[in-house]
Amino acid sequence: MRHPGPGAPRGGSADPALAAGRASPFSAIAGFVGKTLVIAEVEARKLRHDPTELITRALQPALWLLVFGQVFTRVRAIPTGDMRYIDFMAPGILAQSVLFIAIFYGIAIIWERDLGIVHKFLASPTPRPALVLGKALSAGLRGLSQAVIIYVLALLLGVGIRWHPLALAGVVCTVILGAALFSTLSLIIACLVKTRERFMGIGQLITMPLFFASNAIYPIAMMPKWLRVISSMNPLTYEVDALRSLMVVGGESSYGIGVDLSVLLGATTILVIIAGRLYPNVVR
């Protein structure tokens, strides 16, 4: 006759409901992660059907590096200390490229609504934040494809690239966080305006202020005081700051890598929660 152990309840085995309750937080997290990755994989699969989008998206940063960067490196109009201007500018152009891809990402949600795809997602048991986060991660993959292109251009232009594995891993994390942040902001805009025309107008309206009110193409020290205040509230500033210290030889972070990544992660988390609540508004 088998006797229960000292920790087991009298009368037999442990309560199955209690065991399920203990396992439920882990299973819930695993389910959330799995559904998020499925959404990201579905979104990333679209790149395979239209890879030309990546090439066309690379034209603008290429022009910035080849024309603007080369000219200002020669004339030395912007003081960047011991670092060449083209080296100073390369991380900013990478951040710009990620921004331009991510900030118009929400228009795909409007197309999906018109095709009835959003209705199917909303009818599924997938949590709304998982839908949002999956799309944000797929935007990160698109950002990484741009990073590869810009790295190649930077090498051809003689930019001193840091190849340390930790530095490269930091660049990957920063690009994914930056793309996730701005693509989620884009999704929120799409949930609020609901039409392609208004979305494109607002996207174009906020893109340039985000870019020029950051440290992407000139140091913060050159800015007037009022612009420094705005720059300190601009998440693109922290993305560029992290990329500059991780990507190029001699680059330094003004705020610290920990602060940069914490700001990006915190802002992304808040926007994902907001977008998850607003996501059903796309079809209303």
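Bear in mind these aren't lab numbers, they're just calculated from the coordinates by the rules spelled out. No experiment lies behind these values; they were computed from the predicted model shown. Neighbour counts are summed over all protein chains in view; Cβ atoms, including those assigned to glycine, are modelled from backbone coordinates with ideal geometry.
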Residue within region 260-274 that is on the phi < 0 side of the Ramachandran plot, touching a helix residue (DSSP H, G or I) at 6+ places or on another chain (Cβ under 8 Å) and free of Cβ contacts under 8 Å to residues at least 12 places away in the same chain present: no
Condition check for ILE188: free of Cβ contacts under 8 Å to residues at least 40 places away in the same chain and within 19 Å of ASN234 (Cα to Cα): no
Failed criterion for LEU261 (all others in (1) surrounded by fewer than 16 Cβ atoms within 10 Å (Cβ to Cβ); (2) under 19 Å from LEU94 (Cα atoms); (3) under 17 Å from the mean Cα position of the chain (by Cα); (4) not polar (S, T, N, Q) hold): (1)
All helices (runs of 4 or more DSSP H) inside region 49-123 with 3 or more residues being surrounded by 11 or more Cβ atoms within 10 Å (Cβ to Cβ), touching a residue at least 60 places away in the same chain (Cβ under 8 Å) and not basic (Lys, Arg): 52-63, 85-103, 107-115, 117-123
Region 184-228: number of residues that are of a type in the set (A, V, I, L, M, F, W, C), farther than 20 Å from TRP111 by Cβ and within 23 Å of the chain's Cα centre (by Cα): 10
Single unsatisfied condition, GLY81 versus (1) on the phi < 0 side of the Ramachandran plot; (2) in contact with a Gly (Cβ under 9 Å, 6 or more places away or on another chain); (3) small (Gly, Ala, Ser): (1)
Qualifying residue in region 242-258 (condition: without any contact (Cβ under 8 Å) to a residue 12 or more places away in the chain, basic (Lys, Arg) and surrounded by 13 or more Cβ atoms within 10 Å (Cβ to Cβ)): no
Condition broken by PRO224, with the remaining ones in (1) touching a residue at least 60 places away in the same chain (Cβ under 8 Å); (2) over 18 Å from GLY140 (Cβ atoms) satisfied: (1)
Every pair of residues 6+ apart whose Cβ atoms lie under 7 Å, when the first sits in region 161-174 and is touching a residue at least 12 places away in the same chain (Cβ under 8 Å) and under 21 Å from ILE86 (Cα atoms) while the second is of a type outside the set (Gly, Ala, Ser) and in a loop (DSSP other than H, G, I, E, B): ARG162/VAL249
Residue identified as among the hydrophobic types (A, V, I, L, M, F, W, C) and over 19 Å from MET208 (Cα atoms) among ALA90, ALA77, ALA102, ALA95: ALA77
Residue match in region 126-146 (condition: over 17 Å from LEU264 (Cβ atoms) and without any contact (Cβ under 8 Å) to a residue 12 or more places away in the chain): no
